[in-house]
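The values are calculated or read from the model by the stated rules, or taken from the named source; none is laboratory data. Quantities reported herein were computed from a predicted structural model and do not represent experimental measurements. Cβ sites come from the backbone with ideal geometry, for glycine too, and all protein chains shown count toward neighbours.
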Amino acid sequence: MKYTHCSAMVLHSSRCKMKVVKLLMFLPIALSLYLLTRVIDIDSATEVKTTSLTSKHPRSRYIIYNCGGRFGLCGGWSDRIMGILMTYFISLATNRKFGIEMTSPPCNLTSYIVPNMVDWYSSIDEVAQLGHKTSKGFHNQYNNRNLVFRAKSVDFDKWLRHDVTYFITNLDYVDSLKMNPRYMDGPLSWMNDMTRDQVVAKAYKELFQLSPSLNRKLTDFISKARPTSDYQLICAQIRVSELGHRSTTLNDVDLIWDFLRQYDDIMKYKVYVTSDSEYVRNKAKTLFPRQIIDNGGSVYHVGDNPNVLGCQGLEKVIYDQHALMTCDVLVLTYSGVGRLAAYIRGMSEGLYCMVDHRLIKCSPSELKTLYNV
């Protein structure tokens, strides 16, 4: 007899009583298994839903290179560029949006250089719109040499915990980052097969291109430097303000003039000299009157002039750097702007360095060692 045939009229039979008892004993177990299954289904659905929402609406984090404001010192143009590039590398390592905020001197950076492959400009507006709804951290690493060594092992995600991190530095972490397995096996693995100068050059090209107005000036400069395809541009970046053993002496400058004199054919060569010294610039015009090309403007150090003069200096140094990047022959002294131009120029051919009062052939990959930076 089946359970369904145990009606109320025959419940008094012993066989039906036994079957009903078994049914009542099994129901709680069945119910428990059913509820357990439902709980698992509910939990699974919740987890899937949460993951789906996170993937569609990720929580954006930012790291902003900040020059000016509460941080104070930013240094000259080469200090700023190195700080910008190192902050950019940290943004790649930590999957943060990257931005550049420069308020000293009080001019618009995009008047001179604009984003190329990375939109570092829009991030500033996005952060401004966040207001007080997000956490902010400030990290002044200017001239902090300890971080150069710490970058070999530091976990930037644990260190930079805020949603928006404002960061300033001016030192070079490339070699140290390339020793950090946390990132070299992942987001910075593209550095593995590159020398440090190639890493710097790649990052600079990803971030920057000249603004339309400055690009027009550079195009006009190149047309004057190479009126025909037979011409070559011979350049020197002569910095004389550095003190100590790195300084370029008057004897060093004379050696550079002697070197440039070999290119005295006015039908084959143009000469371009940049310097932090008006005396040196004027001397070049005197020595090479029929070959010299000069973009005009006065020398104003960006770090020493946090005003409108600094803006003029910023425009000139950016223009000079990009002009040096086009040279067929490039002579360097101890200058961050010159080294940066050599990195992006990317060739050992035609590159010469004034080191220990001697002018020698050199390559971009050895400039850090030669100049002990």
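How many residues does region 183-195 contain that are surrounded by 16 or more Cβ atoms within 10 Å (Cβ to Cβ) and at pLDDT 95 or above? First the steps, then the outcome.
Going residue by residue through region 183-195, those that are surrounded by 16 or more Cβ atoms within 10 Å (Cβ to Cβ) are 183-184, 188, 191, 195.
Among the residues that remain, those that are also at pLDDT 95 or above are: 183, 188, 191, 195.
Within region 183-195, residues that are surrounded by 16 or more Cβ atoms within 10 Å (Cβ to Cβ) and at pLDDT 95 or above number 4.
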Is it the case that region 327-343 has a residue that's closer than 16 Å to Ser78 by Cβ, surrounded by 20 or more Cβ atoms within 10 Å (Cβ to Cβ), touching a Cys at 6+ places or on another chain (Cβ under 7 Å) and of a type in the set (A, V, I, L, M, F, W, C)? yes
Starting from residues that are part of a loop (DSSP other than H, G, I, E, B) and buried (at least 19 other Cβ atoms within 10 Å of the Cβ), keep the ones in region 84-106 and report whichever is modelled with the highest pLDDT. Arg96
Of the conditions (1) in contact with an Asp or Glu (Cβ under 7 Å, 6 or more places away or on another chain); (2) within 15 Å of Asp252 (Cα to Cα), the single one that Asp356 does not satisfy is (1)
Go through region 108-137 and give me each residue that's touching an Asp or Glu at 6+ places or on another chain (Cβ under 8 Å) and part of a loop (DSSP other than H, G, I, E, B). Tyr112, Asn116, Met117, Val118, Thr134, Ser135
Ile318 vs. criteria in contact (Cβ under 8 Å) with a residue 12 or more places away in the chain, under 26 Å from Ala201 (Cα atoms) and either within 32 Å of the chain's Cα centre (by Cα) or surrounded by fewer than 16 Cβ atoms within 10 Å (Cβ to Cβ) (or both): yes
Given the condition in contact with a Gly (Cβ under 7 Å, 6 or more places away or on another chain), over 30 Å from Ser111 (Cα atoms) and either in the same structural domain as Thr87 (by TED's automatic domain parsing) or not in a helix (DSSP H, G or I) (or both), answer yes or no: does some residue in region 162-184 qualify? yes
Can you tell me which residues in region 218-258 are within 29 Å of the chain's Cα centre (by Cα), surrounded by 13 or more Cβ atoms within 10 Å (Cβ to Cβ), not small (Gly, Ala, Ser) and not in a helix (DSSP H, G or I)? Cys235, Gln237, Ile238, Arg239, Val240, Glu242
